[in-house]
1. Is it true that Val72 is touching a residue at least 24 places away in the same chain (Cβ under 8 Å), assigned to a helix (DSSP H, G or I), closer than 20 Å to Leu168 by Cα and open to solvent by less than 20 Å² (accessible area, probe 1.4 Å)?
2. Restricting attention to the stretch 77-129, which residues are among the aromatic types (Phe, Trp, Tyr), surrounded by fewer than 21 Cβ atoms within 10 Å (Cβ to Cβ) and touching a residue at least 12 places away in the same chain (Cβ under 8 Å)?
3. Give all pairs with beta carbons closer than 7 Å in which a residue from the stretch 184-200 that is modelled with pLDDT of 90 or more meets a residue that is part of a helix (DSSP H, G or I); count only pairs at least 6 apart in sequence or on separate chains.
4. When you go through (1) of a type outside the set (Lys, Arg); (2) assigned to a helix (DSSP H, G or I); (3) open to solvent by 10 Å² or more (accessible area, probe 1.4 Å); (4) within 23 Å of Asn204 (Cα to Cα) one by one for Val49, which number turns out not to apply?
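The values are calculated or read from the model by the stated rules, or taken from the named source; none is laboratory data. In this text, all values refer to a predicted model and were calculated from it rather than measured experimentally. Cβ placement follows ideal geometry from the backbone for every residue including glycine, while neighbour counts extend to all protein chains displayed. The accessibility values were calculated without ligands, DNA or RNA, using every heavy atom of the protein model including side chains. Shrake-Rupley method; radii C 1.70, N 1.55, O 1.52, S 1.80 Å.
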Amino acid sequence: MFAGLLRVSGLFLLAYLAGSLPTAQLVAWAFGQKDLRSVGSRTVSATGVYYHVSRWLFWPVAAVDILKVAAVTWLGLELGVGRGAAAGAGLIAVAGHCWPVWLGFRGGRGVTGFLGLWLVLFPPGAIWLLAGLILGRLGLLAQTAAGTLAALATWPLVLTALGLPGDLVLAAWACLGLTVIKRLEANRIGLPADPAARRRVFLNRLLWDRDVGPREPWVER
């Protein structure tokens with residue numbers, strides 16, 4: 001039992017450190033010499049690289065962010081700790097991406113990490129999330145952030161309706177929970193003093209992943 005506990009603990013620590021690798025910020029420093037925490041949406045993400053460093057660098061950054069979560073999830077399965085613990089490792093890696101120790105716990109939103117998690121656990125989940133991203137981007141689900149939220153909110157219900165195991169359903173709910181917390185926390189961007197304005201900001205953050213209505217002025221500022 002002790003050996004198993006030690007193996008899971010080591011896996012979780014490795015998962016957090018791997019997820020905390022600030023891929024986007026390292027690329028931004030290397031190519032644009034910008035701190036992504038101080039421009040645009042203030043998120044350390046492939047999207048931040050897209051808008052503030054290079055559109056072409058978006059793809060390798062996104063790929064690495066997907067792979068670092070997929071790798072620790074796969075490792076958990078290979079170590080035989082069980083799918084639930086493997087899912088936990090993937091989720092911890094996503095949390096590391098969202099709150100990296102190296103950047104004062106100010107990171108990305110974790111969407112690319114969710115793709116990596118589901119690619120290993122249950123690939124249709126990655127397809128479902130990707131469909132939400134695409135439909136949002138095309139404007140069929142309002143905007144990308146809304147499409148992502150819709151996909152994450154409905155995926156646990158889909159898994160439940162299909163009668164799939166509880167560990168997968170729990171992982172899906174955890175993905176939604178991490179997203180809601182991260183969007184509302186928003187890398188600790190300040191809030192207006194007026195209660196009504198503060199409520200509007202929280203609603204904007206939840207639905208659109210930003211503090212204001214129009215998207216381009218927010219991400220390009």
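1. On the way: touching a residue at least 24 places away in the same chain (Cβ under 8 Å): yes; assigned to a helix (DSSP H, G or I): yes; closer than 20 Å to Leu168 by Cα: yes; open to solvent by less than 20 Å² (accessible area, probe 1.4 Å): yes.
Spelling it out, Val72 is indeed touching a residue at least 24 places away in the same chain (Cβ under 8 Å), assigned to a helix (DSSP H, G or I), closer than 20 Å to Leu168 by Cα and open to solvent by less than 20 Å² (accessible area, probe 1.4 Å).
2. The answer is Trp102, Phe122, Trp128.
3. Leu184/Phe202; Leu184/Arg205; Leu184/Leu206
4. Of (1) of a type outside the set (Lys, Arg); (2) assigned to a helix (DSSP H, G or I); (3) open to solvent by 10 Å² or more (accessible area, probe 1.4 Å); (4) within 23 Å of Asn204 (Cα to Cα), only one is false for Val49: (3).
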